[in-house]
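Peer 1: Here it is, the structure, as structure tokens.
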Amino acid sequence: MRDGCHVFPIRVYYEDTDAAGVVYYANYLRFAERARTEMLRLVAEQPMRAMAADGAAFVVRRCALDYRAPAHLDESIEVRSRLVAAKGATLVARQTVMRAADVLVEIDVEVACMTRAGRPTRVPAALRDALTPFTHSRKEPS
């Protein structure tokens, strides 16, 4: 974590790219998922385990991507993740894929907490409490 923003480094491998050596557009979703998982593991590992033991999990409800520039084979990039809101049954995050100071992709994602039966359920209080110090109302990661 750096100033309330989780930073997840990634090396672009051949498997991440298309025939031209450019990161395939859908792979940014995979990068973002990994980064969100690591952020939650870092700041709320125990509450996340308790939530899973109770039969609840997060599912992506909404996602919007703004592609600005491509990443290429063998580049070092990073995903910066910042929680924007934790309320009711949802978490909202802003994730930015960067190459040095260049913004490559901005991703706004909302995840919903669901039961095994597929019903929405509130984010457990212990998890919400663990995330509160890392939740910021402004969206831009710095």
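The values are calculated or read from the model by the stated rules, or taken from the named source; none is laboratory data. In this text the structure is predicted, and so the values were computed from the model without any measurement. When we count neighbours, we look across all protein chains shown, and the Cβ atoms used for this are built from the backbone with ideal geometry, even at glycine.
Peer 1: Residue check, ALA112 against (1) more than 22 Å from ASN27 (Cβ to Cβ); (2) at pLDDT below 85; (3) surrounded by 13 or more Cβ atoms within 10 Å (Cβ to Cβ), all met but one. Which one?
Peer 2: With (1) more than 22 Å from ASN27 (Cβ to Cβ); (2) at pLDDT below 85; (3) surrounded by 13 or more Cβ atoms within 10 Å (Cβ to Cβ) applied to ALA112, the lone miss is (2).
Peer 1: Related question: In the range 25-56, what residues are of a type in the set (Phe, Trp, Tyr), surrounded by 15 or more Cβ atoms within 10 Å (Cβ to Cβ) and free of Cβ contacts under 8 Å to residues at least 60 places away in the same chain? Working first, answer last.
Peer 2: If we filter the range 25-56 for residues that are of a type in the set (Phe, Trp, Tyr), which is where we start, we get 25, 28, 31.
Applying the additional criterion that residues be surrounded by 15 or more Cβ atoms within 10 Å (Cβ to Cβ) yields 28, 31.
Selection gives nothing.
Peer 1: If you don't mind, another one. Can you tell me which of ALA64, ALA52, ALA56 is of a type in the set (Gly, Ala, Ser) and modelled with pLDDT of 95 or more? Outline the logic, then answer.
Peer 2: Details: ALA52 fails: modelled with pLDDT of 95 or more; ALA56 fails: modelled with pLDDT of 95 or more.
Among ALA64, ALA52, ALA56, only ALA64 is of a type in the set (Gly, Ala, Ser) and modelled with pLDDT of 95 or more.
Peer 1: Please identify the pairs in which a residue from the range 112-139 that is under 25 Å from LEU65 (Cα atoms) has its Cβ atom under 7 Å from the Cβ atom of a residue that is in a loop (DSSP other than H, G, I, E, B) and modelled with pLDDT of 85 or more, counting only partners at least 6 apart or on another chain.
Peer 2: Qualifying pairs under 7 Å: ALA112/ALA89; CYS113/ALA89; CYS113/THR121; CYS113/ARG122; CYS113/VAL123; MET114/THR121; PRO120/ALA89; VAL123/ALA89.
Peer 1: When you check LEU127 against the structure, is it among the aliphatic types (A, V, I, L, M), at pLDDT below 95, buried (at least 17 other Cβ atoms within 10 Å of the Cβ) and in contact with a Pro (Cβ under 6 Å, 6 or more places away or on another chain), yes or no? Let's see the steps before the verdict.
Peer 2: Working: among the aliphatic types (A, V, I, L, M): yes; at pLDDT below 95: yes; buried (at least 17 other Cβ atoms within 10 Å of the Cβ): yes; in contact with a Pro (Cβ under 6 Å, 6 or more places away or on another chain): yes.
Yes: the conditions hold for LEU127.
Peer 1: Taking the range 5-31 as the region of interest, how many residues are closer than 26 Å to ALA85 by Cβ and touching a His at 6+ places or on another chain (Cβ under 8 Å)?
Peer 2: 0
Peer 1: Please indicate, with yes or no, whether at least one residue in the range 89-107 is part of a loop (DSSP other than H, G, I, E, B), surrounded by 15 or more Cβ atoms within 10 Å (Cβ to Cβ) and charged (D, E, K, R).
Peer 2: Pass one, the range 89-107, residues part of a loop (DSSP other than H, G, I, E, B): 89, 100-101.
Subsequent filtering for residues that are surrounded by 15 or more Cβ atoms within 10 Å (Cβ to Cβ) retains 89.
Right, trim to charged (D, E, K, R) and you get none.
For the range 89-107, residues part of a loop (DSSP other than H, G, I, E, B), surrounded by 15 or more Cβ atoms within 10 Å (Cβ to Cβ) and charged (D, E, K, R): absent.
Peer 1: Residue pairs, Cβ under 6 Å, 6 or more apart or interchain, first in the range 6-20 and farther than 29 Å from ALA44 by Cα, second aromatic (Phe, Trp, Tyr). List them.
Peer 2: Hits for this filter: ASP18/TYR24.
Peer 1: Same structure again: With the structure loaded, tell me whether ALA85 is of a type outside the set (Asp, Glu), at pLDDT below 95 and more than 25 Å from ILE10 (Cβ to Cβ) or whether it fails that test.
Peer 2: Values: of a type outside the set (Asp, Glu): yes; at pLDDT below 95: yes; more than 25 Å from ILE10 (Cβ to Cβ): yes.
Considered against the rule, which asks whether it is of a type outside the set (Asp, Glu), at pLDDT below 95 and more than 25 Å from ILE10 (Cβ to Cβ), ALA85 comes out as yes.
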